[in-house]
Amino acid sequence: MRTEISTDRNAAVELLRSGDVVALPTETVYGLASDALDPIAAAKIFEAKGRPRFDPLIVHLPDRDWLEKIADIPTQDRKLVENLTGKFWPGPLTIILPKRGVVPDIVTAGLETVAVRISAHPVFTEIIRAFGKPLAAPSANRFGRVSPTTGQHVLDELDGLIPLIIDGGATAHGIESTIVRVSGEKIEVLRRGPILSEQLSEFGTVEIAPGSEKISAPGQSPSHYAPKTSLLLVDDVRAFKTDKSCALLAWNSTRKDERFIAIRNLS
């Protein structure tokens, strides 16, 4: 398969309508999108990414009218959901809610809940509204790898595995959306992201979910977001020797050093 990088949004919509996958920019990272209501189309996401079927996908909605078509919001949680979506949608907040039967089991990994959000990226918004239905769209990279923030990053990961990448430039946040589960007045953070606990606390009591072997939301696998590059910790950078190309992250101010292709001082 030949993978093309393009800005042709009509081509993206046509591929999605034909049941194929397309990499699209969002405000968080690039997503690998397909029709969220078509189990065969959704399966192509898992195939291209090498993603295990036990890891659910985030469903992106064209607009708010789709929320109750996809999710069955409990009465006791409705006010909190409305407050959160009113403040943070469109934007990088994903909410876990009971799903309706229209959502295929492959999308939710067999769970009775579905992860939903509305993207704020103008290119993604234009394409999903032209498509007219929700899109399942996890990060557009091989499973367990660092999420892509440019079209070229997607090509580096999925070249030959998908037909089209829509180039929307670099993403704004560079990390995945915050994922929360709500219950009454409690907001449980299942995955940290651009929406911070301090922002959420305006609307309810915020708790950080403890680590668990049981997957209840996207992005909880311990192998997620793993870079290929090795990380070495050293006590004294002056004594560090290498014959490989490397960069330095330093807590203390470090001057130019020819051993490193780049230096970033963290403090």
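The values are calculated or read from the model by the stated rules, or taken from the named source; none is laboratory data. Since the structure is predicted, the reported quantities are computational estimates derived from the model, not experimental observations. Reconstructed Cβ throughout: ideal geometry from the backbone, glycine too, with neighbour counts over all protein chains shown. For the accessible areas, the whole protein counts, side chains as well, though only heavy atoms, and no ligand, DNA or RNA atoms are used. Shrake-Rupley method; radii C 1.70, N 1.55, O 1.52, S 1.80 Å.
If you go through region 1-40 and pick out every residue that is without any contact (Cβ under 8 Å) to a residue 60 or more places away in the chain and open to solvent by less than 30 Å² (accessible area, probe 1.4 Å), you end up with 1. Scanning region 14-42 for residues that are hydrophobic (A, V, I, L, M, F, W, C), within 21 Å of PRO148 (Cβ to Cβ) and not in a strand (DSSP E or B) returns LEU15, LEU16, VAL21, VAL29, ALA36, ALA41, ALA42. Is it the case that some residue within region 18-40 is touching a Leu at 6+ places or on another chain (Cβ under 7 Å), among the charged types (D, E, K, R) and farther than 21 Å from ARG142 by Cβ? Looking through region 18-40, at least one residue is touching a Leu at 6+ places or on another chain (Cβ under 7 Å), among the charged types (D, E, K, R) and farther than 21 Å from ARG142 by Cβ. Select from region 2-13 the residues that are part of a loop (DSSP other than H, G, I, E, B) and more than 21 Å from VAL146 (Cα to Cα) and write down the one among them that is farthest from the chain's Cα centre (by Cα). Here the residue is ARG2.
In region 67-79, the condition of being touching a Lys or Arg at 6+ places or on another chain (Cβ under 8 Å), more than 17 Å from VAL189 (Cβ to Cβ) and open to solvent by less than 60 Å² (accessible area, probe 1.4 Å) is met by at least one residue. Given (1) under 24 Å from GLY174 (Cβ atoms); (2) of a type outside the set (A, V, I, L, M, F, W, C); (3) modelled with pLDDT under 80; (4) surrounded by fewer than 15 Cβ atoms within 10 Å (Cβ to Cβ), identify the lone condition not met by GLU198. The failed condition is (3). Among the residues of region 97-114, those identified as under 15 Å from ASP72 (Cα atoms) and either outside any loop (DSSP other than H, G, I, E, B) or without any contact (Cβ under 8 Å) to a residue 12 or more places away in the chain (or both) are LEU97, PRO98, LYS99, GLY101, THR108, THR113, VAL114. Here VAL206 clears all of (1) closer than 30 Å to ILE45 by Cα; (2) hydrophobic (A, V, I, L, M, F, W, C); (3) surrounded by 15 or more Cβ atoms within 10 Å (Cβ to Cβ) except the condition numbered (1). I need the full set of residues from region 229-256 which are open to solvent by less than 100 Å² (accessible area, probe 1.4 Å) and touching a Leu at 6+ places or on another chain (Cβ under 9 Å), in order please. Those that are open to solvent by less than 100 Å² (accessible area, probe 1.4 Å) and touching a Leu at 6+ places or on another chain (Cβ under 9 Å): VAL237, PHE240, THR242, CYS246, ALA250, THR254. Of all the listed residues (LYS87, LYS49), the sole one being surrounded by fewer than 17 Cβ atoms within 10 Å (Cβ to Cβ), farther than 17 Å from VAL123 by Cβ, touching a residue at least 12 places away in the same chain (Cβ under 8 Å) and not aromatic (Phe, Trp, Tyr) is LYS87. Against the criterion of being open to solvent by 10 Å² or more (accessible area, probe 1.4 Å) and either within 12 Å of LEU24 (Cβ to Cβ) or among the β-branched types (Val, Ile, Thr) (or both), HIS173 does not qualify.
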